[in-house]
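Trainee: One structure follows; several queries about it will come next.
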Ligand code: MSP
């Protein structure tokens, strides 16, 4: 039995959760449930990123004190996480006093790698980062992700001397000591790393006071990404607690837009602290709405609660884990969602369960339960490589196969002809196959799988209402 620590990116709380925020949680939750099935002990962190100019600006525009503003939003994110059936063990808010104190300790421990310097450059408040002159020119002066012009900032900041760590990070990525998935993102990160300058790690208080105070310098607050990234270890109690039982993380889930911070700044911080690097950094793609990037101005932002309320959390997880690719951009539309629900969940799985349980009950079938429910190697290989969509497809393929087998073996005819022995062996085979597929499906659809276990425990009884009533 191992201790496994899994993390999710902590969202900015400058608005309502949207479906794009769902992926980190769904993926991490599947990973956590799979690890628990393997017999490991798991901690799953979640939290909220509450500092930085974006949040400060939003609260200021609304005329609300910043702390009051963030306090009001945190619960929406926690409710959202719970409503997807995601079970975290630890939750961190970056405005927690504990977190702030720990960040200051971390700063002190990194101090020998930090120096002060003047800087001028282009900044995107949406990304919360300085961009290079080259990026500025390439993007025509406007951030492509936030559709806002870059601002010219002239500041005196603290810097982390990146050259102290560059070679070691490069080696760790190349050798997969810190595995970056998918492979094409690993290549992108190695290219970025090659010309990464020193990293600005503070902002002058006169420009932005909403952040963690830099120790021994009343003029400066920490750059939001420093205090945000630190969350992964402050939530474990670092530095005053020994975190070696949980750190390094087994898997850190992040979106493709923020991989650069996790593959470059974060390892530099860890190496500066003398801590090991995470074992895997998994970068998911973006959820598009009807083929386009979600944006308030296009008006295509999908509210996750609307999706969850339509068919429940299990259907939500089904769509976001099977039809949204683990690594690539994928589309959400209501039509695709309805189709996945009716034709796959309700037809393939719901009907199958109903048919088998009804046949078993009608014919007084008793399941012999001494079968081997070991997970297939092929499935485990995919799960171990974080190929969750493919693993889910593999498990669903078994469900489709059972549907095919039942039509071929026609147990209802065996029942009609009074061939009880043949019928029992047919039902035993089909139900065992279903229970084996259920094992694989359980990290993805935990509640449904628990219901299936209940249904196929002797005496077998079909559910009173279908698992997925047709819409
Ligand atoms: N606060 C930072 C993360 C700090 S982690 C130390 C941040 N917040 S965010 O709210 O902008 O994004 C939170 C997560 O949601 C990120 O993993 C991001 O990639 C993801 N997504 C935001 N919009 C998304 C989509 N449309 N689709 C998929 N994921 C996207 O970045």
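Trainee: Looking only at segment 15-39, filter to residues that are more than 8 Å from the ligand (Cβ to nearest atom), touching a helix residue (DSSP H, G or I) at 6+ places or on another chain (Cβ under 9 Å) and in a loop (DSSP other than H, G, I, E, B); which one of those is farthest from residue 126 (Cα to Cα)?
Mentor: Out of the qualifying residues, it is 38.
Trainee: Any idea which of 250, 309 is within 21 Å of the chain's Cα centre (by Cα), modelled with pLDDT of 95 or more and farther than 19 Å from residue 5 by Cβ?
Mentor: The conditions single out 309.
Trainee: Go through (1) crowded, with 19+ Cβ neighbours inside 10 Å; (2) away from the ligand (no atom under 14 Å from the Cβ); (3) not in a helix (DSSP H, G or I) and name the single condition residue 46 misses.
Mentor: Unmet for residue 46, out of (1) crowded, with 19+ Cβ neighbours inside 10 Å; (2) away from the ligand (no atom under 14 Å from the Cβ); (3) not in a helix (DSSP H, G or I): (2).
Trainee: Does any residue of segment 284-305 turn out to be crowded, with 18+ Cβ neighbours inside 10 Å, within 16 Å of the chain's Cα centre (by Cα), more than 9 Å from the ligand (Cβ to nearest atom) and not in a helix (DSSP H, G or I)?
Mentor: No.
Trainee: With 267, 304 as the choices, which residue is at pLDDT below 95 and on the phi < 0 side of the Ramachandran plot?
Mentor: Just one listed residue meets the conditions, 304.
Trainee: Right, something else. Name the pairs: first residue in segment 67-87 and on the phi > 0 side of the Ramachandran plot, second residue surrounded by 15 or more Cβ atoms within 10 Å (Cβ to Cβ), Cβ to Cβ under 6 Å, at least 6 apart or on different chains?
Mentor: Final answer for the pair search is 85/313.
Trainee: Among 81, 6, which is the only one that is at pLDDT 95 or above, within 16 Å of the ligand (Cβ to nearest atom) and in a helix (DSSP H, G or I)?
Mentor: Testing whether each residue is at pLDDT 95 or above, within 16 Å of the ligand (Cβ to nearest atom) and in a helix (DSSP H, G or I) leaves just 81.
Trainee: When you scan segment 397-435, how many residues do you find that are touching a residue at least 60 places away in the same chain (Cβ under 8 Å) and crowded, with 20+ Cβ neighbours inside 10 Å?
Mentor: Counting residues in segment 397-435 that are touching a residue at least 60 places away in the same chain (Cβ under 8 Å) and crowded, with 20+ Cβ neighbours inside 10 Å gives 5.
Trainee: Quick one: residue 425 ticks every box in (1) touching a strand residue (DSSP E or B) at 6+ places or on another chain (Cβ under 8 Å); (2) more than 17 Å from residue 38 (Cα to Cα) bar one, so which box is it?
Mentor: Looking at each condition in turn, residue 425 falls short on (1).
Trainee: With the condition kept exactly as written, say whether any residue in segment 263-273 is within 29 Å of residue 115 (Cβ to Cβ), in contact (Cβ under 8 Å) with a residue 60 or more places away in the chain and not in a helix (DSSP H, G or I).
Mentor: no
Trainee: Of the residues that sit in segment 236-257 and are crowded, with 19+ Cβ neighbours inside 10 Å and within 11 Å of the ligand (Cβ to nearest atom), which one is nearest to residue 188 (Cα to Cα)?
Mentor: Restricting to residues being crowded, with 19+ Cβ neighbours inside 10 Å and within 11 Å of the ligand (Cβ to nearest atom), the top hit is 254.
Trainee: Now a separate question. Looking at segment 153-164, I want the residues that are surrounded by fewer than 17 Cβ atoms within 10 Å (Cβ to Cβ) and have a partner that is part of a strand (DSSP E or B) with Cβ atoms under 6 Å, at least 6 apart or on another chain. Which pairs are those?
Mentor: From segment 153-164, the pairs are 154/120; 156/118.
Trainee: Restricting to segment 299-329, name every residue that is without any contact (Cβ under 8 Å) to a residue 12 or more places away in the chain and in contact with a strand residue (DSSP E or B) (Cβ under 6 Å, 6 or more places away or on another chain).
Mentor: 300
The values are calculated or read from the model by the stated rules, or taken from the named source; none is laboratory data. What you are looking at is a predicted structure, and each value in this text was computed from that prediction instead of being measured. Quick reminder, even Gly has a Cβ in these numbers, built from the backbone with ideal geometry, and neighbours come from all protein chains shown.
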